[in-house]
Amino acid sequence: MPEEGLRLLPHDEILSYEEIYQVVSTAVDMGIGKIRITGGEPLVRKGIADLVTMISGIKGITDFSMSTNGILLEEFAASLKEAGLQRINVSLDTMDPDRYRAITRGGDLERVLRGIEAAKKAGLFPIKLNCVIRKTSGEIDALGVARFATERGFPVRFIRQMDLSRGQYGIVEGGTGGNCRICNRLRLTSNGHIKPCLLNDAAFNVRELGIREAISEAIREKPEAGLFSLDNSFYHIGG
Ligand code: SF4
């Protein structure tokens, strides 16, 4: 999130849960099996467990997960599991509470750790940790996260810090993200754009084109590799 804050989208630009449900149903009908709810931070949206309930009822989803910063996870873990979420990815860039506070502009590491415990207790499995690194997983913060992950048996993925406008990105260590050769992901933004690639400004609006056409166009326009993106920021489009 930028230090200076965000321009909030007008309410009527944001897809309703019913609209998101329709997009996901159509995508599943067209052959997509893996669904992940990301953000911004999904747990701050009011009634998020209701959306999880709606999506988990769609037949044909083989993998249903959520990425979160974990700050509200203690409060939500049990209801997410009950609503049908299978697994969860939690962002964790350091095990040092002061560094965590600095990186997240005031976040409380203890709360996140309690959230991870609550997710484990609720039966969300596997719990994967996402750790952003500057250059290598040998950095001090990453080593701390790796130690915690090993002790607790959580898979961890190290994600090179990206610069969307300069086209800097890399293959995720321990995961499949960032590898253009095998990337088949599409993203739906909160205001209804289907994006074929993070590092590309192509976007197809489901309200303007219709859902099926927007998805088809995004698949057709999937680039061979990402270049750069001037329109996007991660807090808008998710990771
Ligand atoms: S195609 Fe785009 S979204 Fe997929 S890995 Fe490459 S840069 Fe990332």
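Some values worked out for this structure:
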| read-out | value |
| --- | --- |
| Cβ-based net charge around residue 127, under 9 Å, with every Lys or Arg adding one and every Asp or Glu removing one | +4 |
| Cut-off of 10 Å, at most 13 other beta carbons, DSSP loop: longest stretch of the chain lacking such trypsin sites (Lys or Arg not before Pro) | 167-239 |
| Accessible heavy-atom area order of 61, 219, 55, highest first, probe of 1.4 Å | 219, 61, 55 |
| By accessible area with a 1.4 Å probe, ligands and nucleic acids excluded, highest first: order of 68, 104, 150 | 150, 104, 68 |
| Accessible area of residue 91 in the full protein assembly, 1.4 Å probe (Å², nearest 10) | 50 |
| Rough spin-label spacing in nm, given labels placed 7 Å along Cα→Cβ, for residue 56 and residue 101 | 3.6 |
| Computed [θ] at 222 nm, deg cm²/dmol, the chain (DSSP H ≥ 4; -39,500 (n - 2.57); rounded to nearest 500) | -10000 deg cm²/dmol |
| Along the chain, longest interval not containing exposed GluC sites (Glu not before Pro), exposed being DSSP loop plus at most 12 other Cβ atoms within 10 Å | 5-223 |
| Solvent-accessible area of residue 20 with every protein chain in place, 1.4 Å probe, in Å² to the nearest 10 | 30 |
| Dipole axis of region 104-195 (+1 Lys, Arg; -1 Asp, Glu on Cβ), positive-most option in 106, 142, 188 | 188 |
| Computed accessible area, residue 98, all protein chains, 1.4 angstrom probe, square angstrom | 100 |
| DSSP beta bridges in region 1-135 [antiparallel fraction, %, rounded to 5] | 0 |
| Reachable lysines from residue 128, criterion Cα separation under 20 angstrom, eight or more residues apart if same chain | 34, 81, 120 |
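The values are calculated or read from the model by the stated rules, or taken from the named source; none is laboratory data. These figures come from a predicted structure and were not determined experimentally. FYI the Cβ positions are ideal-geometry reconstructions off the backbone, even for glycines, and counts take in every protein chain you see. Ligands, DNA and RNA are stripped out before the accessible areas are found, and what is left, the full protein with its side chains, is counted by its heavy atoms. Shrake-Rupley method; radii C 1.70, N 1.55, O 1.52, S 1.80 Å.
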